[in-house]
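The values are calculated or read from the model by the stated rules, or taken from the named source; none is laboratory data. Model, not experiment: these values are computed from the prediction. All Cβ positions, even for glycine, are placed from backbone atoms using ideal geometry, and neighbour counts span all protein chains on display. Keep in mind that these areas ignore ligands, DNA and RNA; they rest on the heavy atoms of the full protein, side chains included. Shrake-Rupley method; radii C 1.70, N 1.55, O 1.52, S 1.80 Å.
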Amino acid sequence: MPSDSSSVPILIIAIALALVLVGVLLLHTRVRRKLAHAQGQLVQARQAQEHRTRETSVGHQRLAQAERQAQESAELLREARAQHDLVRAETEHLIAKRIPALLAHLRTPHVIVPGVQNPALAGTDVDKQHRTILDAVTRGLREEGERIDEAAQAVIRGAMSRVQTQALRAQDLLAGVQQRYGGDEHTALLREVLGLDMFNELIIRRVQVTGIACGATPGLSRDDTYLVDLMVGAISRVENFEQRIEGPANHLRRRIGVAARAAESILFITAELLANAVHHSYGTLKVTIAVHETNNGAAIVIDDAGVGLNEDQYARATRLLSGIQPTRLVDLGNPPHTGWAAIGRQVAHYGVQVTVKKSAFGGVQAVLTIPTALLVEMPEDSRPSVLAPEPVRATVPAARLEPATAPSRPEPVTARPEPIAAPSRPEPVTAAARVEPAASSERADTAAAADLVPLPQRRRQSPPRAASGSRPAGGLRTTPEEAQKRWGDFQVGAEAGRREALPTEQHDITEGK
């Protein structure tokens, strides 16, 4: 029994130990579960922490990126504002400075159009766009200006044509009055008529130059005319020509004339150059005119001792007289000076040449060069007018053979001129003495002129009209010397009448220098 009683505590102890062991195992298992659970939670916490750390890092990165973008946006905004302010300032400069300067440049080319205000914009799109605007404004203004100028010139051409027609009718009426009242008993009336005729001639020339400057034609037509006769006609169109013009000097060696199509234009150019020289040669200064034959045609040389021109005026004269560029009315000044512009139009149309330079007298020398294409050799049975100067070559032998006879050109006289209809005493000996040297001189000049360029020959299509009144069958009624003397006396009387009829102050305003 004692063995049984001792084994019970042992069994109990063993059971207790087993229970304890089971409890320990259960506790250990539970602890391990909790530890594993805690480790899992720790891992999750670490993962969450890492995730939050990553998210925080990404947030910081995004925040930094956002900050950088904000800074870049602010910088771009500042640059955009600066660019806007720069473009705005440049546009204001375009409106306030460049466009007004461009308008002034179109009126007066010496005005300089400024460039961009900020050099940083040179060559940029803004600069190109502004240049495009300026070019468009220039093109539009020029086209509109040309349209307006053409319309104004058309109006002036029409008005000048009507005025010229009326003035030419008045000239015919005055010529008729001079023919009807040519006697000595009408001297006072003839003197007034001559004065009116001179004023009318000046009106015709001013109307003519204004119309030609606006594209009109000279308005008059002529036949083939001796060049020396055209010079005399040009001189007669200038106010106070008998006191202010010396010449013309005839240095031609052949019977040179100007073709009908260009005769009036050559006369017009010469008259305008003479009027310009006289107007700018104040006081009693003389203007000289001479005609020369050249290898390429002929040349009319006009010299004055006036105020001259400066470099800018010479450049302007050369530009206008060349006729290369069309001249608008706004380019002629105020009041408009139409002389050089009108000459330039004739130069461009007929191919002549007009040059100006400083003369030996300190004034201006104008040279009108006429090409051979516009020249003709006049028929042998024709002669220049009695007012035309004899060639300079013929005066030397004539003066050597007849020192006591009257010169070829009539000199001004103070005595009362003889009546035109009264015949003067014939001088057959003097006539013979004059004709023979002239003939020998012509033969010599014919041989000397053989090397010159031949001119087109113009022959009369119909015989010359006979003068009024019958002629003796045996020859001329008067000798050439008598006719020359009569016309010379008439010219002296006509000039005296014009001097008394014209006012003392100048009214013949021509091209300004």
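So which of Gly233, Gly140, Gly182 ends up being among the small types (Gly, Ala, Ser), over 30 Å from Val330 (Cα atoms) and open to solvent by less than 40 Å² (accessible area, probe 1.4 Å)? Please lay out each step first, then the result.
Details: Gly140 fails: over 30 Å from Val330 (Cα atoms); Gly182 fails: open to solvent by less than 40 Å² (accessible area, probe 1.4 Å).
Exactly one residue qualifies, and that residue is Gly233.
For the range 228-267, enumerate the residues that are of a type in the set (Gly, Ala, Ser), over 12 Å from Leu387 (Cα atoms) and assigned to a helix (DSSP H, G or I). Spell out how you get there, then give the answer.
So the first thing to find is which residues in the range 228-267 are of a type in the set (Gly, Ala, Ser), and the list is 233-234, 236, 247, 249, 257, 259-260, 262-263, 265.
From what's left, over 12 Å from Leu387 (Cα atoms): 234, 249, 257, 259-260, 262-263, 265.
Those that are of a type in the set (Gly, Ala, Ser), over 12 Å from Leu387 (Cα atoms) and assigned to a helix (DSSP H, G or I): Ala234, Ala260, Ala262, Ala263, Ser265.
Answer yes or no as to whether Ala96 is part of a helix (DSSP H, G or I), of a type outside the set (S, T, N, Q), open to solvent by 50 Å² or more (accessible area, probe 1.4 Å) and farther than 30 Å from Arg328 by Cα. Give the steps one after another, and end with the answer.
Numbers: part of a helix (DSSP H, G or I): yes; of a type outside the set (S, T, N, Q): yes; open to solvent by 50 Å² or more (accessible area, probe 1.4 Å): yes; farther than 30 Å from Arg328 by Cα: no.
Against the criterion (part of a helix (DSSP H, G or I), of a type outside the set (S, T, N, Q), open to solvent by 50 Å² or more (accessible area, probe 1.4 Å) and farther than 30 Å from Arg328 by Cα), Ala96 does not qualify.
The residue that is nearest to Thr217 (Cα to Cα), among those in the range 118-155 that are among the polar types (S, T, N, Q) and either modelled with pLDDT of 90 or more or not in a helix (DSSP H, G or I) (or both), is Thr138. When each of Thr217, Thr187, Thr210, Thr165 is tested for being buried (at least 20 other Cβ atoms within 10 Å of the Cβ) and not hydrophobic (A, V, I, L, M, F, W, C), the lone residue that passes is Thr210. Within the set of pairs 6 or more residues apart or between chains, which connect a residue that is free of Cβ contacts under 8 Å to residues at least 40 places away in the same chain inside the range 253-265 to a residue that is in a loop (DSSP other than H, G, I, E, B) and open to solvent by less than 50 Å² (accessible area, probe 1.4 Å) with Cβ atoms less than 8 Å apart? From residues that are free of Cβ contacts under 8 Å to residues at least 40 places away in the same chain, the pairs are Ala260/Asp224.
State whether the residues of the range 210-222 include one that is assigned to a helix (DSSP H, G or I), within 35 Å of the chain's Cα centre (by Cα) and of a type in the set (A, V, I, L, M).
Scanning the range 210-222 turns up at least one residue that is assigned to a helix (DSSP H, G or I), within 35 Å of the chain's Cα centre (by Cα) and of a type in the set (A, V, I, L, M).
Residues checked against (1) in contact with a Leu (Cβ under 7 Å, 6 or more places away or on another chain); (2) assigned to a loop (DSSP other than H, G, I, E, B):
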| site | (1), (2) |
| --- | --- |
| Pro335 | no, yes |
| Ile343 | yes, no |
| His349 | no, no |
| Gln365 | no, no |
| Thr369 | no, no |
| Val376 | yes, no |
| Pro379 | no, yes |
| Ser382 | no, yes |
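Residues of the range 302-329 that are part of a helix (DSSP H, G or I) and of a type in the set (Asp, Glu): Glu311, Asp312.
The C-beta contact set for the range 348-368 (first residue under 17 Å from His279 (Cα atoms), second residue surrounded by fewer than 17 Cβ atoms within 10 Å (Cβ to Cβ) and charged (D, E, K, R), distance under 6 angstrom, 6+ apart or interchain) comprises Gln365/Lys357.
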